[in-house]
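The block underneath contains the structure these notes are about, expressed in structure tokens.
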Amino acid sequence: MRKNIVAGNWKMNKNLQEGIALATALNEALKDKTVNCDVVIGTPFIHLASVVGAVDKARIGVAAQNCADKASGAYTGEVSAEMVASTGAGYVILGHSERRAFYHETAEILKEKVMLALINGLTPIFCIGEVLAEREADKHFDVVKSQIEASLFDLTPEDFSKIVLAYEPVWAIGTGKTATAEQAQEMHAFIRRTLAEKYGQEIADNTSILYGGSANASNAKELFSNPDVDGGLIGGASLGVDKFMPIIEAF
């Protein structure tokens, strides 16, 4: 059975001390609770090793927000998948719309990042999603399918089964707009059908597909009640335990 996952993406927020404090507070909040989902926090690179040491890894997984598309070498400022894994982090967020838009990450670059993440034992949380103009032009299904095919469909079934997908309608990130629960379910079901056509129904049924796009405490329960929505990739609402815990508890 696929996992329910609530993952927080801190983006470029929290200095090291604030990040450790937030991770520690979340760890405390979860200590005596039974939750029906895996919890992951995606921190800036410099936080990774410290945050891994500050949380109970049986309770909270830790993700990098990116990794390099090269294994090692003269790439000043880059952080390799091997380096991420060496901190004890278990996940890496790849293909986020902000990386695609601001840093021009192509399907080929992302394909390399996914492969290096898998080689180093990391679970990629791979982001896909359309911008507003593409949805208004009724191209959202084509865009999402092509993003999946171009970066992931060269993977073997065994490797693909290690991927977590995150559908993020770009027009609903940080805008206060949210796809309706019906729109989220429609796209998630389409994604699962696309996976089934390539890898078969069993792998499709076992792939966790998260929703990312202004999910919060007030809409999480409705979003997560959909049969093909397996959790969320949460941005701003993951920056405070008081806002993040109700989303975790929505399961």
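The values are calculated or read from the model by the stated rules, or taken from the named source; none is laboratory data. Just so it is clear, the model here is predicted, and its values are computed rather than measured. Note that we place each Cβ from the backbone using ideal geometry, even for glycine, and neighbour counts take in every protein chain shown.
LYS139 fulfils the conditions (1) at negative phi; (2) touching a Ser or Thr at 6+ places or on another chain (Cβ under 9 Å) except for a single criterion, (2).
For the range 150-169, the set of residues classified as in a helix (DSSP H, G or I), out of contact with any strand residue (DSSP E or B) (no Cβ under 8 Å at 6 or more places or on another chain) and touching a residue at least 40 places away in the same chain (Cβ under 8 Å) consists of ALA150, PRO157, ASP159, PHE160, listed by residue number. Collect the residues in the range 213-236 that are within 15 Å of the chain's Cα centre (by Cα) and free of Cβ contacts under 8 Å to residues at least 60 places away in the same chain, keeping them in residue-number order. Those that are within 15 Å of the chain's Cα centre (by Cα) and free of Cβ contacts under 8 Å to residues at least 60 places away in the same chain: SER214, ALA215, VAL229. Determine if the range 83-93 includes at least one residue that is outside any loop (DSSP other than H, G, I, E, B), in contact (Cβ under 8 Å) with a residue 60 or more places away in the chain and not polar (S, T, N, Q). Yes, the range 83-93 contains a residue that is outside any loop (DSSP other than H, G, I, E, B), in contact (Cβ under 8 Å) with a residue 60 or more places away in the chain and not polar (S, T, N, Q).
For every residue, the table says whether it meets (1) in contact with a strand residue (DSSP E or B) (Cβ under 8 Å, 6 or more places away or on another chain); (2) of a type in the set (Lys, Arg); (3) part of a helix (DSSP H, G or I); (4) modelled with pLDDT under 95.
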site: TRP171; (1), (2), (3), (4): no, no, yes, yes
site: GLY176; (1), (2), (3), (4): no, no, no, yes
site: ALA179; (1), (2), (3), (4): yes, no, no, yes
site: ARG193; (1), (2), (3), (4): no, yes, yes, no
site: ASP205; (1), (2), (3), (4): no, no, yes, no
site: LEU210; (1), (2), (3), (4): yes, no, no, no
site: VAL229; (1), (2), (3), (4): yes, no, no, no
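Within the range 117-157, the set of residues being of a type in the set (A, V, I, L, M) and under 17 Å from the mean Cα position of the chain (by Cα) comprises ALA117, LEU118, LEU122, ILE125, ILE128, VAL144, ILE148, LEU152. With respect to the conditions (1) part of a helix (DSSP H, G or I); (2) modelled with pLDDT of 95 or more, ARG135 lacks only one, and its number is (2).
Condition check ((1) within 19 Å of THR123 (Cα to Cα); (2) surrounded by 15 or more Cβ atoms within 10 Å (Cβ to Cβ); (3) modelled with pLDDT under 95) across all residues:
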residue	(1), (2), (3)
LYS3	yes, no, no
ASN13	no, yes, no
ALA21	no, no, no
LYS33	no, no, yes
ASP38	yes, yes, no
VAL52	yes, yes, no
ILE93	yes, yes, no
ILE109	yes, yes, no
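Selection of the range 4-25 for residues being within 21 Å of HIS96 (Cβ to Cβ) and not in a loop (DSSP other than H, G, I, E, B) yields ILE5, VAL6, ALA7, GLY8, ASN9, GLY19, LEU22, ALA23.
Restricting attention to the range 116-140, the residues that are surrounded by fewer than 22 Cβ atoms within 10 Å (Cβ to Cβ) and either closer than 11 Å to LEU94 by Cα or of a type in the set (Phe, Trp, Tyr) (or both) add up to 1.
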